[in-house]
């Protein structure tokens, strides 16, 4: 149900209509009162515009903004979650599903830019998190790992081409690898928190080892609570007690764990270039139309 209180945050209902009514009422009493009404209206409008300026989003599409690091958490041997402070305690990072933000460091006189998908939660206010996997030769990931709380990083955004619409697919096939789970998790979260979105979700999540599976406890909790969400893990180096799949994503694996190719179904893929190329090729072999497959 739409919250009618949100209407009063729109210029039409909070400025234009009230001002029009004030002017109309003033003219009924007499034209001589109009200067006083206009003075009052200017004051109200100035306050409203100032209020809107104060509530503007800290993240800007074209301008770099310095955001303060307030926490970082080690997830595994080479992955951390970084938490950055927003403009206000009640501000929520509002970006389209599956989109990302740009992060910039100036290194040796050159701007190094990388894109990260925030880990979004509709109840998170005052901050946002990004999950970053550190690579041996990673330029930006190494700089992020060296950051201390209180230091700032340049961000702008959001960016992305996914135009997710609730119920755009009857069944959604998801293939993720490594830190590519973050935009995929945005999509999952958007679906399961929308009572009107009846999309059935199936996920294949590929990693090198069991220890490399990022956010596994969160994903397992979602699978436990939501019957329309299923996840299958596959690892290249499986331990002896491993009960999931092993090896790279295969055609047989996709046939078994993902919905069939159909005009009413969609597939989203995110991960390292090798995984994306592999999954796209396998989707074509399985009869998926290119327009129904999206790569982040």
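For residue 131, the stated conditions do not hold, so it cannot be described as under 15 Å from residue 70 (Cβ atoms), buried (at least 20 other Cβ atoms within 10 Å of the Cβ) and either free of Cβ contacts under 8 Å to residues at least 12 places away in the same chain or in contact with a strand residue (DSSP E or B) (Cβ under 7 Å, 6 or more places away or on another chain) (or both).
Set side by side, the residues 155, 115, 105, 128 differ, and just one is assigned by TED's automatic domain parsing to the domain that holds residue 71 and touching a helix residue (DSSP H, G or I) at 6+ places or on another chain (Cβ under 9 Å), which is 105.
The values are calculated or read from the model by the stated rules, or taken from the named source; none is laboratory data. Keep in mind that what you see is a predicted model, and the values were worked out from it rather than measured. So basically every Cβ, Gly included, is an ideal-geometry build from the backbone, and we count neighbours across all protein chains shown.
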